[in-house]
Each structure stands twice: as structure tokens, then as C-alpha cells.
Amino acid sequence: MVELETRELEYFIAVAEELHFGRAAVRLAIAQPALSKAIRRVETRLGVRLLVRSSRHVSLTPAGEALLEHGRHAVNAVSAAVRSARRAAEAEARLRLVIKPGGDAGLLSGILAEYARRPDARRVDILFSGGTDRVDQLRDGRADVALLYVPFDDVEGLAHETLYVEGRVAILPAGHRLASRGELRMADLDGETMPRWKGVDDGGSGPEVVDVAQMTHLITVGRMIAVLPRSLVEPVPAGLVCVPVTDAGDSRLAVAWPELDRRPLVASFVAAAVAASHPSAAAGTGTAV
């Protein structure tokens, strides 16, 4: 069985991302000749060529592209394992919950209260993320659990339980031509400028945004419109209106955690989140499940 050390993977990933041995060596704080030798040793051990080198250019071979993709996951997995081991060894382990600011559909207080009543409850550290990196924080071990919006957040490789289901709305300036409509369909929004979310490749054609607050400001001044879960824009900011989009598909707020994380600490929090999202806690047009 061929084995690579984590350090060797880190060396290769740095070169593959920089496509320059000098910059990669600076990034890794090692000498360039030592880095070059390390990469050649990896190629020899694997029996494949990973990089095409010339005096002015470095590029990846198909084998190199494959190792880069899977090597990143491997290094992240090792980092996550180390963090998990250290946290598990802590006498007073804390649970780390990552959420988008305002991205709890009003359920967070109830979830925390329900969890606090459990005899095995621990302190919950709440981490606030950007628009798109909550999943990354789960996968690399920076967070234990997250509140995610499905299907917008990628839950592949994560276990999750749905807490709340709601429709999506078009967020429009009050003076927009469609603002007085009782409901809309996606076809009604053809040609409208939509936001490009930072870190998302298949976004709209409008300005790049990093959070809902920035987005609503740009909508207010007429730069774009957006279609989002209703709870993300409640209460509705002055100068904006929200119109239901009947064929946009439902959004689900879910509590998520790594599939292989079976610690009682995590299971207890998930159970509390599900209990707190009982239908009696539902509000507005959403439905707790």
C-alpha cells in the first residue's frame, strides 16, 4: 500500500495551488531545493508524474489534479481528527455552533433553552459565519454543529435534521414594478438583476454580496432584487417589500453535523434542536417539523 505523509501532501498542495516552486517554498517556510526534492520523492513513490515543469511554467498533470482534489480532503480530515481528539479530551468540552447572522428562523433562543435543560448540557459557543462557509467550518472541525439552509447549503457528507420549512420570497424595492403583486412566479423575475454571493460560482449577474445586510442595502437603492427564505429578511427593512414566489421551492432550516461524529455531546444538542422546533414553536408562514 502506498502511503504519503500529511506533510508531503501539504507540500504538494502548496505547489499545486501556487503553480510556482518559489512562492510555495515561501508559503511553507522551507528552502526551494528541499521542496523540489520532496515533490520528486512523492512522484517516484506514486509512480506517476504530478507536475509539468519548465523554467517559466508549472502545470498539473491529470494525476496531479486528482491528487490535489483528494489531497485537500485528506489534509482537512486529518486536521478535523486532531481537533476532535483534542476537544474530546477536554474535561469541560464545549459545543461549537456556527450560524449565519439572522439565519435561525427565530428558533435559536428556544433551541438553547431546550438544550440547557438537559443534564448533559455543556456551554455552547456560537460562531457567526459569512454567507457560504458554515459547511466548511463543519467539515474542517472548527464547528461541531451548524444551522444550514437546504438546498442552498451543500449537506453532502453531513447528517442533518430538518427543523423548519418555509417558502421563498422576492425582496424588492418598494417602488419596483412588481412590488404591489400578491404573489409571483420565477418567470416574472426574468431579466432582473440578482446578487452574486461571495464563494458561490453559479450566482446571479449583479454585484457580489457577502451577507443579507449588504444585499438588502443594495436592493433598497435599486441595484438588484433577490429571492430568499422569508425568515432571512424578517422584520422587513424599511423601503423593501417581500412577495411570495409560488414556484421557487421551499427552503428547509436544518441542524447539521459531520456524519461520523457520534459524540453524545452532539447527539444531545441535535435532540434538543428537534424538540424545540415542535409545531407549537412555528410562526409566520413556516412550519416546524
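The values are calculated or read from the model by the stated rules, or taken from the named source; none is laboratory data. This is a predicted model, so every value here is computed, not measured. No Cβ is skipped: glycine too gets one built from the backbone with ideal geometry, and neighbour counts run over all protein chains shown.
What the table below lists for this structure:
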{"quantity": "Members of the stretch 30-63 found to be over 19 Å from Thr6 (Cβ atoms) and loosely packed, with under 11 Cβ neighbours inside 10 Å, listed by number", "calculated": "Ala31, Pro33, Gly47, Ser54, Ser55, Arg56, His57, Pro62"}
{"quantity": "Residue list for the stretch 222-240, filter: β-branched (Val, Ile, Thr) and either modelled with pLDDT under 90 or more than 19 Å from Gly191 (Cβ to Cβ) (or both)", "calculated": "Val233, Val236"}
{"quantity": "Flag if Arg72 is modelled with pLDDT of 85 or more, among the charged types (D, E, K, R), within 28 Å of the chain's Cα centre (by Cα) and crowded, with 16+ Cβ neighbours inside 10 Å", "calculated": "no"}
{"quantity": "Output for the stretch 170-188, where each listed residue is closer than 14 Å to Leu240 by Cβ, in contact with a strand residue (DSSP E or B) (Cβ under 9 Å, 6 or more places away or on another chain) and not in a strand (DSSP E or B)", "calculated": "Ala174, His176, Leu178, Ala179, Ser180"}
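Yes/no per residue for (1) assigned by TED's automatic domain parsing to the domain that holds Arg262; (2) in contact with a Phe, Trp or Tyr (Cβ under 6 Å, 6 or more places away or on another chain); (3) surrounded by 15 or more Cβ atoms within 10 Å (Cβ to Cβ); (4) not charged (D, E, K, R):
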{"residue": "Leu138", "(1), (2), (3), (4)": "yes, no, yes, yes"}
{"residue": "Gly157", "(1), (2), (3), (4)": "yes, no, no, yes"}
{"residue": "Leu189", "(1), (2), (3), (4)": "no, no, yes, yes"}
{"residue": "Lys198", "(1), (2), (3), (4)": "no, no, yes, no"}
{"residue": "Pro207", "(1), (2), (3), (4)": "no, no, no, yes"}
{"residue": "Val210", "(1), (2), (3), (4)": "no, no, no, yes"}
